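Reviewing the structure listed below.
The values are calculated or read from the model by the stated rules, or taken from the named source; none is laboratory data. Nothing here was measured: the structure is a model prediction, and the numbers come from that model. Note that each Cβ is placed from the backbone with ideal geometry, even for glycine, and that neighbours are counted across all protein chains shown. Each accessible area value is taken on the protein alone, full model and side chains, heavy atoms only, with ligands, DNA and RNA left out. Shrake-Rupley method; radii C 1.70, N 1.55, O 1.52, S 1.80 Å.
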Amino acid sequence: MTREEKSIAIENLTAQLAGTNIIYVSDISGLNAETTSNLRRACFKAGIKLEVVKNTLLAKAMEASANDYGDLPTVLTGNSAIFISDVANAPGKIIKDFRKKSDKPVLKGAYINSEVYIGDNQLEALATIKSKEELLGELIGLLQSPAQRIISALQNKFAGSEEEVEA
């Protein structure tokens with residue numbers, strides 16, 4: 001790879017990093033072609049972009065980015081692949097699902113909305129993060145609950161008073 005190609009690759013990676021707040025870094029080395037293809041297919045269905053990257057180029061892209069990736073560049077050793085998503089828990093769920101059949105992919109780290117997570121031991125927590133839509137749904141449900149109870153109580157109260165009038 002020439003110096004010019006490297007600088008173009010760094011610019012492209014920097015642009016990708018700037019366009020998202022959710023990045024998972026993992027090791028997918030050792031996966032056979034069929035399993036890798038299945039992983040890519042699952043990522044595509046979930047709206048996740050999976051890309052194998054050179055560690056030095058990704059580290060330089062992180063350095064050039066406006067985001068603060070903290071210690072995340074320190075995990076860039078060996079083979080690395082990045083999962084870029086709009087949903088915080090989607091890559092975690094995909095990795096966790098694939099780990100049922102194999103010991104790969106191994107989570108190296110993640111950057112989610114300015115928070116940095118380092119190590120494979122974070123996978124369970126990352127896979128269970130609630131998405132924005134899930135949180136909004138719960139919030140709406142909580143807000144509706146008291147109003148529904150009041151309406152139900154009023155309906156029961158009026159239904160009971162109508163029965164008294166009829167009697």
Checklist entry - When the accessible area of the range 97-136 is computed with all protein chains present and a 1.4 Å probe, what percentage of it is carbon and sulfur? => result 51 percent
Item to check | Surrounding net charge for V87, when Lys and Arg each add one and Asp and Glu each subtract one, Cβ distance under 13 Å | outcome: +2
Next on the checklist: I need the fraction of alpha carbon pairs in the range 48-116 separated by more than 14 Å, rounded to a whole percent.
Outcome noted: 62 percent
Checklist outcome for this item: Dividing the mean separation of Cα pairs under 8 Å (6+ apart) by the residue count of the range 1-91 yields a relative contact order in percent of 44 percent
Checklist entry - Size of the dipole of the range 1-158 about the Cα centre, Lys and Arg at +1 and Asp and Glu at -1 on the beta carbon, nothing else charged, in debye to 20? => result 560 debye
Checklist entry - From Cα coordinates alone, what are the radius of gyration and Dmax values for the range 1-96 in angstrom? => result 13.4, 38
Next on the checklist: Which one, A153, A90, A64, has the greatest fluctuation when you compute a Gaussian network model over the chain with C-alpha springs under 10 angstrom?
Outcome noted: A153
Checklist entry - If you take the charge dipole of the chain about its Cα centre, with +1 on Lys and Arg Cβ and -1 on Asp and Glu Cβ, which of S29, A81, L143 is farthest toward its positive end? => result S29
Checklist entry - With the contact rule set at Cα under 8 Å and sequence spacing of 6 or more, what percent relative contact order holds for the range 19-167? => result 29 percent
Checklist entry - What do the square roots of 5 times the Cα gyration tensor eigenvalues come to for the range 91-157, in whole Å, largest first, as semi-axes of the equivalent ellipsoid? => result 40, 14, 7
Checklist outcome for this item: In a Gaussian network model of the chain with springs linking alpha carbons closer than 10 Å, the residue among N38, N156, N89 that fluctuates most is N156
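Over every pair of different alpha-carbon atoms in the chain, take the mean of 1/r and invert it; report that Kirkwood radius in Å. Could the numbers behind the result be given before it?
Values: mean 1/r = 0.0542 Å⁻¹.
That comes to 18.5 Å for the chain.
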Checklist outcome for this item: Looking only at aspartates and glutamates whose Cα falls under 13 Å of K54's and that sit 8 or more positions away or on another chain, we get E5, D27
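Based on the mean of other beta carbon atoms within 10 Å per residue, what is the order of 78-86, 40-48, 138-146, most packed first?
Ranking, from highest mean packing down: 78-86, 40-48, 138-146.
Listed here are the pairs K100/K132; K6/K60; K93/K132; which of them are more than 18 Å apart at the Cα?
Correct reply: K100/K132.
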